[in-house]
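Chemist: After the structure tokens below, expect a handful of questions from me.
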Amino acid sequence: MAERSRYNISSRRVGIEDGILKNKLAIKDQATLDDAETLLLVDTYTYFFDHLEKEGLHFNLPLLFEIHRYFLNPLYTWAGKIGWVDISKDDVLFAPVEYLERLLDEFDPVLKKHIPIPKDLKSIIAKKLAFIHNELNALHPFREGNGRTIRLFLDLIAAQVGYHPIDWKKVDHGKYIQASKLGIVHKHSAMKKIIYKGLSKV
């Protein structure tokens, strides 16, 4: 089943009906919706890894939005679009939507500077990917599916520089959440350790 990732939100205008995200297939059961998202994510991995192998990819914010659109468009009208409500999870408040577009514009050139290159050492690759993960997670550009979209984005970057997709299962989920929280306040070492452990050469 898909990883559950539901948030506290600042508005009633969030597209939720009877506790379930309103979707194009009129699914009313959370487990069924989770399963649909899982299938879509598998297909998204296949599509973009095939694209990487055959034509290559440009790692920038438009690609991140393209991944999200491909992933969730069969289910949600807002797939691939910038979020429209403030979102928080536990004690973490992500970037306010009123500033999100400007923050994304400012981050785009920063992102490009942190894309790893094949000659980078594994430790440098892990450091760069941790930074990208944490900064994108802090921005939280989408209504839903941020984590899965970001991790696929990083897996594709890892493949571009000669590594297998990051093995995210090598770390306890609680430690991943804690590392993500630290990343919100620009402490990237915990996420770097997680990514370094999950990286292996092709």
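Chemist: When the range 109-163 is examined, which residues are found to be buried (at least 23 other Cβ atoms within 10 Å of the Cβ), in a loop (DSSP other than H, G, I, E, B) and among the hydrophobic types (A, V, I, L, M, F, W, C)?
Modeler: Result: F142, single match.
Chemist: Turning to a different aspect of this structure: Suppose we filter the range 182-202 for residues that are among the basic types (K, R) and surrounded by 19 or more Cβ atoms within 10 Å (Cβ to Cβ); how many remain?
Modeler: Number of matching residues: 1.
Chemist: Another question, if that's okay. Exactly one of (1) touching a Ser or Thr at 6+ places or on another chain (Cβ under 7 Å); (2) modelled with pLDDT under 95; (3) under 23 Å from L136 (Cβ atoms) is unmet by I9. Its number?
Modeler: Just one mismatch for I9, condition (1).
Chemist: Could you please give the count of residues in the range 64-76 that are touching a residue at least 60 places away in the same chain (Cβ under 8 Å) and surrounded by fewer than 16 Cβ atoms within 10 Å (Cβ to Cβ)?
Modeler: Result for the range 64-76: 0.
Chemist: A follow-up question, please. What is the number of the single condition among (1) over 27 Å from G83 (Cβ atoms); (2) of a type in the set (S, T, Y); (3) touching a Leu at 6+ places or on another chain (Cβ under 8 Å); (4) in contact (Cβ under 8 Å) with a residue 60 or more places away in the chain that T149 does not meet?
Modeler: (1)
Chemist: Just name the residue that is surrounded by the fewest Cβ atoms within 10 Å (Cβ to Cβ) out of those in the range 164-181 that are part of a helix (DSSP H, G or I) and within 14 Å of the chain's Cα centre (by Cα).
Modeler: The residue in question is I177.
The values are calculated or read from the model by the stated rules, or taken from the named source; none is laboratory data. Note that the structure is a prediction, hence the values are computed from the model and not measured. As a convention, Cβ positions derive from the backbone with ideal geometry for all residues, glycine included, and neighbour counts pool all protein chains shown.
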